[in-house]
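Presented below is the structure to which this report refers.
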Amino acid sequence: MADTLTFLGIESSCDDTAAAVVRHVPGQMPQILSSVVEGQTALHADFGGVVPEIAARAHAERLDHCVEQALTEAGVALADLSAIAVTAGPGLIGGVLSGVMLAKGLATGARLPLVGVNHLAGHGLTPRLTDQLPFPYLMLLVSGGHCQFLIVRGPEQFQRLGGTIDDAPGEAFDKTAKLLGLPQPGGPAVQAEAALGNAKRFTFPRPLLDRPGYDMSFSGLKTALLRARDALIAEKGGLTVQDRRDLCAGFQRAVAEVLAEKTRRALAVYLADAPAEPALAVAGGVAANSLIRAMLETVSAQNGVRFVAPPLRLCTDNAAMIAWAGIERFRDGARDDMSLVARPRWPLDATAAPMIGSGKKGAKA
Ligand code: KG4
Ligand code: ZN
């Protein structure tokens, strides 16, 4: 079929080096022919965060291997591709540059069109790759680097309602784990401890719930946890196993309640437009948290809205979402050329207020 598109996607904006091949025949479910993700966790483990120079070098060293592997696994040659899609931002600039330079070289050598993709659009359009979700839908992006509400109206139409003004929730989970001597990544470790704890023993704040709007803040929560921990240590000389479980449970419930309440508010705005098939979609590693997921499901059900959570391997950073976002942009008429620039910051919604600060994985937007 003339309109069949087969895209190579390349992703290198954070600490995952990834390449994937996605094929789309109009009217059919998109097919992920391959999706290769090489994490860099071990490379950064000693530094308590992602080191941009180490990340950039690893991307430069591993990207071509990932691309080769993705093409081989898909059984596709460069000549079979319709175009190359690459993350052009936002993110750690050294990594983004590695991907953009490789994509430009491949596109020139193989005479293929090039499509630059916003990493956040990749996450934002994933529910269409996995579930063919119709526009418009409400998207909550919650990961170690991102936290925002978006009304997704089209491949390039994102309305940002609000997001975190400091830490992303995943960052807060990771820092909490560090404060309590739990392993990284912190989210799964804190969740496992919380399952055995009493969420009512410690009263943690629910930041920004007292203010209207959709902005969130998670860094104060981490400070509150630090104070509670230090008070226990001062009182008893250390933490018991149960203290740790209760601290984790209290922290997790506070994050979940903030996300649920802000989602309720964001849904009200989204639903005011009376979308034909209303849906709430989530993406990002924190969407794996069972309490958060359960609470978001409940909020969706209470509002008569479908809840869509793509499989975790597509919720976290990957290149299939970049290939897919490239396909969507391409069908919309978008083309880039050798003037494509790598951008450390690239807000999806240029009309929204700029986001403050940088996360552990680079600029927040
Ligand atoms: O989307 P992701 O893989 O990477 C980026 O941040 O881009 O998300 C990773 C984050 C980490 O901070 C990790 O602690 C968190 O997701 N996470 C969780 C859970 N699983 C992963 N947070 C809470 N509960 C979980 N079960
Ligand atoms: Zn991401």
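Throughout, read-outs are computed from the coordinates displayed, never taken from laboratory work. Here the structure is a predicted model, which means the values were calculated and not measured. Positions of Cβ are backbone-derived with ideal geometry, glycine not excepted, and every protein chain shown enters the neighbour counts.
What ranking do TRP324, TRP346 get, fewest neighbouring Cβ atoms within 10 angstrom at the top?
Details: TRP324 29, TRP346 22.
Fewest-to-most ranking of TRP324, TRP346: TRP346, TRP324.
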(Q) With +1 on the Cβ of every Lys and Arg and -1 on the Cβ of every Asp and Glu, and nothing else charged, how large is the dipole of the chain about its Cα centre, in debye rounded to the nearest 20? (A) 840 debye
Q.
What FRET efficiency comes out for MET338 versus PHE307 if R0 is 30 angstrom and r is the Cβ-Cβ distance? Round to the nearest 0.05.
A. 0.10
Q: Take HIS44, HIS24, HIS123 and order them by how many other Cβ atoms sit within 10 Å, fewest up front.
A: HIS44, HIS24, HIS123
Q) Using Cα atoms only, what is the angle between the long axis of helix 290-302 and the major principal axis of the chain, expressed in degrees (0 to 90) to the nearest 10? A) 80 degrees
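Which whole-number percent of Cα pairs in segment 41-128 have a distance greater than 22 Å?
35 percent
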Q: Return one number: the angle in degrees, 0 to 90 and rounded to the nearest 10, between the long axis of the Cα atoms of helix 52-74 and the longest principal axis of the Cα atoms of the chain.
A: 50 degrees
**Q.** Selection from GLY91, VAL117, VAL51, by position along the positive dipole direction of segment 27-121 (Cβ)
**A.** VAL117
Q. Name the residues of segment 85-127 whose amide N is less than 17 Å from a point 7 angstrom out from the Cα of ILE54 along the C-beta direction?
A. 92-95
Q | Angle in degrees between helix 93-109 and the longest Cα principal axis of the chain, rounded to the nearest 10 | A | 20 degrees
(Q) Test of understanding: what is the full-extension gain from ALA268 to LEU239, defined as 0.36 nm times their sequence separation minus their Cα-Cα distance? (A) 6.2 nm
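Looking at segment 240-340, which trypsin sites (Lys or Arg not before Pro) are in a loop (DSSP not H, G, I, E or B) and have at most 13 other Cβ atoms within 10 Å?
Values: sites: ARG244, ARG245, ARG253, LYS262, ARG264, ARG265, ARG293, ARG306, ARG313, ARG329, ARG331, ARG335; in loops: ARG335.
In loop regions of segment 240-340 (DSSP not H, G, I, E or B), the sparsely surrounded trypsin sites (Lys or Arg not before Pro) are ARG335.
Given segment 136-313, what whole percent of its Cα pairs are spread farther than 25 Å?
Details: 5098 of 15753 pairs.
Result: 32 percent of Cα pairs exceed 25 Å.
If each residue's Cβ is checked for other Cβ atoms within 10 Å, how do MET338, MET216 rank with the fewest at the top?
Numbers: MET338 8, MET216 26.
Sorted ascending by nearby Cβ count, the order is MET338, MET216.
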Q.
Whole angstrom only: what separates the Cα centroid of segment 219-253 from the Cα centroid of segment 72-110?
A. 46 Å
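Express the Stokes-Einstein translational diffusion coefficient of segment 19-167 in µm² s⁻¹, to the nearest whole number, given a Kirkwood radius over alpha-carbon pairs, 10 °C and a viscosity of 1.306 mPa s.
Values: Rh = 17.1 Å.
Translational D for this selection: 93 µm²/s.
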Q | Using a Förster distance of 51 Å, the FRET efficiency for ASP349-LEU196 (Cβ separation, nearest 0.05) | A | 0.80
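Taking segment 1-77 on its own, what percent of its Cα-Cα pair distances exceed 20 Å? List each step's numbers first, then the result.
Working: 1182 of 2926 pairs.
For segment 1-77, the share of Cα pairs beyond 20 Å comes to 40 percent.
Could you work out the helix-only [θ] at 222 nm for the chain, with each DSSP H run of four or more residues adding -39,500 (n - 2.57) and the total divided by the number of residues, to the nearest 500 deg cm²/dmol? Before the final figure, lay out the partial values.
Working: 11 runs with 155 residues, N = 365.
Dividing the helical sum by the residues of the chain leaves -13500 deg cm²/dmol.
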Q: Counting only DSSP beta bridges with both residues in the chain, tell me the antiparallel percent, nearest 5.
A: 65 percent
Q.
Taking amide H atoms as placed 1.01 Å from N in the peptide plane, list the residues 5 or more away in sequence, or in a different chain, whose amide H sits under 5 Å from that of LEU161.
A. PHE149, LEU150, ILE151
Q) Under the Kirkwood approximation for Rh and a Cα-based Rg, what ratio Rg/Rh is obtained for the chain? A) 0.99
